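> First the structure, then my questions, so here it is.
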Amino acid sequence: MNTSQNSSDNNFLLKKNFEIVSIFLEYSNWTLALNQVFALVGEHVQVDRIYFFENHTDSLTGEELISQRFEWVKNGIEPMLDNPDLQNLPIEIVSDFMLPLHNNKPFKAIVREMPDGNTKEILSSQDILSILVLPIWIEGKMYGFIGFDDCTSERGWGEEELNFLQSTTSNLSTAISRRNAMLEVEKKAKELERINQELEQFAYVASHDLQEPLRMISEFLKLFEKKYAEVVDEKGKTYIRYAVDGSIRMKKIILDLLEFSRVGKNINAIEEVDIEGLFDDLKLLYINKIEASKAEINLINPIKLLTWKSPLEQVLMNLLDNALKYAKPDFAPKIELQIEEQENQWLFHFTDHGIGIDPQYFNRIFVIFQRLHTKEEYEGSGMGLAITKKIIENMGGQIWVESEPKAWTTFHFSLPKPK
Ligand code: ADP
């Protein structure tokens, strides 16, 4: 072979390898990709069957087994994928065959010349005349092997052919580990989803079922307070007040938890929302607080947008509630909402000029029941922002905060535009 022929052969092999890598990189269907790659290799090296076996252990006995996972056959050649003898095959039955593979060496044989034994019997029963098997190594362990059968001739495998098949095998190893990693991620995502649903269900059931006994406690406490007012001394009355106060707070927590578990359950259809109208309704809801504190509330750009109205209303209500609550003492609250239209989303900026938040707590405030103040300083259950975050994420957006302590706080959140 002259040099130019050599380099054109090399180019050809490079091209084939490139095709193989591309198929593996772009696959959306694993079986189809394997079939395409094995067909390409099979036609190129003119073999009759290509297959891959995976090593695994029997979960009960711990025995090491091999099983055929995938096969490509040339037209007219009998497939072996359904052959039960090639599933759960104990490794020691074919130990002569497995030995070189475990040492990261190929196994090559002309079946007629092999010593009598299990391996020869198994290969002959599949009409194999000559065979080449290459080990698949993943993360330092032999994962399985890929085999090439010739059922029509007793061939010796040339060096160039061997190199090509070795690089195919290494591409297959990479593709298998990539696929395994992807399957693992998918499994984890499903698991997370399931745990999430269970937690939501738990929160719902627990908070729902706690309401009734709590109602009984507070009703009877009130009755007790009324009926025995004469008998109970001042200390006793104080204790009862504490108990009533505790049950009122507990009721708020239960209702918040219930609301948290319900977020996203009853999402209605998307509609055109007039932010100005929605904001005016909210201001009306807080009219007493607004008037008492002389709060100044401004909507910078009164736009209309397409979204889910009631979750957005709930978000703005929670933010407004906090902005009024965490105002600077002795200063009239100053609050503004600005909305920015971007290509695929709307960005909301909700700013107050209140007490601000230390940056070290930027993440913590969105976690359920996390508060930065005692109930004596500011009323609250620590659920408002957790609910707000869940609502926004349910609508496909994100929320984050920026703040300067003792100066201002801006909650930014995005809402994707409906497709
Ligand atoms: P709650 O107000 O019931 O405590 P939230 O989940 O709404 O619960 O808020 C969590 C914590 O974040 C609050 O306890 C408060 O410390 C802080 N926070 C929320 N909004 C503001 C704000 N606008 N300015 C300053 N601190 C805030």
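The values are calculated or read from the model by the stated rules, or taken from the named source; none is laboratory data. Note that this is a predicted model, so its numbers are computed, not measured. Backbone-built Cβ (ideal geometry, glycine too); neighbour counts: all protein chains shown. What goes into the accessible areas is simple: the full protein's heavy atoms, side chains included, and nothing from ligands, DNA or RNA. Shrake-Rupley method; radii C 1.70, N 1.55, O 1.52, S 1.80 Å.
> Assuming R0 = 22 Å, can you tell me the calculated FRET efficiency for the pair Leu13 and Ser153, based on Cβ-Cβ distance, to the nearest 0.05?
The value I calculate is 0.50.
> So what is the relative contact order of the stretch 268-419, in percent, for Cα pairs below 8 Å that sit 6 or more residues apart?
23 percent
> Let me ask something else. Any idea how far apart Thr374 and Ala332 come out in nm if each label point goes 7 Å out from Cα toward Cβ?
Here the answer is 3.3 nm between the modelled labels.
> For Lys417 and Asp321, compute 0.36 nm times the residue count separating them, minus their Cα-Cα distance, and round to one decimal in nm.
32.0 nm
> Also, quick follow-up: What is the distance, in nm, between label points placed 7 Å from the Cα along the Cα-to-Cβ direction at Ile300 and at Glu271?
The modelled label-to-label distance comes out at 2.8 nm.
> Label-point separation (nm) for Lys237 and Glu191, each offset 7 Å from Cα along Cα-to-Cβ?
Distance between label points: 5.9 nm.
> On a C-alpha basis, how far is the centre of the stretch 279-328 from the centre of the stretch 202-275 in Å? Whole number, if you could?
25 Å
> Taking the Cα atoms of the stretch 152-194, what is the range of coordinates along each of the three principal axes, in descending order and whole Å?
So the extents along the principal axes, rounded to whole Å, are 55, 21, 6.
> When only C-alpha pairs under 8 Å and at least 6 residues apart count, what is the relative contact order of the chain, in percent?
Value for the chain: 9 percent.
> How large is the accessible surface of Arg249 in square angstrom, using a 1.4 angstrom probe and rounding to the nearest 10?
90 Å²
> Can I ask one more? Calculate, for the stretch 278-352, the solvent-accessible area per residue in square angstrom, rolling a 1.4 angstrom probe over the heavy atoms of the protein chains.
Per-residue value: 53 Å².
> Separate question: Which lysines, on any chain, are close to Lys237 with Cα under 17 Å apart, when same-chain ones fewer than 8 places away are left out?
Lys222, Lys226, Lys227
> If you scale each eigenvalue of the Cα gyration tensor by 5 and take the root, what three semi-axes come out for the stretch 268-419, rounded to whole angstrom and sorted largest first?
24, 18, 14
> Convex hull volume of the Cα atoms in the chain, per residue, in Å³?
Expressed per residue, the convex hull around the Cα atoms of the chain is 265 Å³.
> Using a 1.4 Å probe on the protein chains only, how many percent of the accessible area of the chain belongs to carbon and sulfur?
The value for the chain is 53 percent carbon and sulfur by accessible area.
> Moving to a separate point now. Output the direction-averaged projected area (hull surface divided by four) of the convex hull of the alpha-carbon atoms of the stretch 3-186, in nm².
That works out to 11.7 nm², a quarter of the Cα hull's surface.
> Keeping every protein chain present and rolling a 1.4 Å probe, give me the accessible area per residue for the stretch 3-186 in Å².
That works out to 53 Å² for each residue.
> Another question about this same structure. How big is the accessible area of Trp30 in square angstrom, nearest 10, if you roll a 1.4 angstrom probe over the protein chains?
30 Å²
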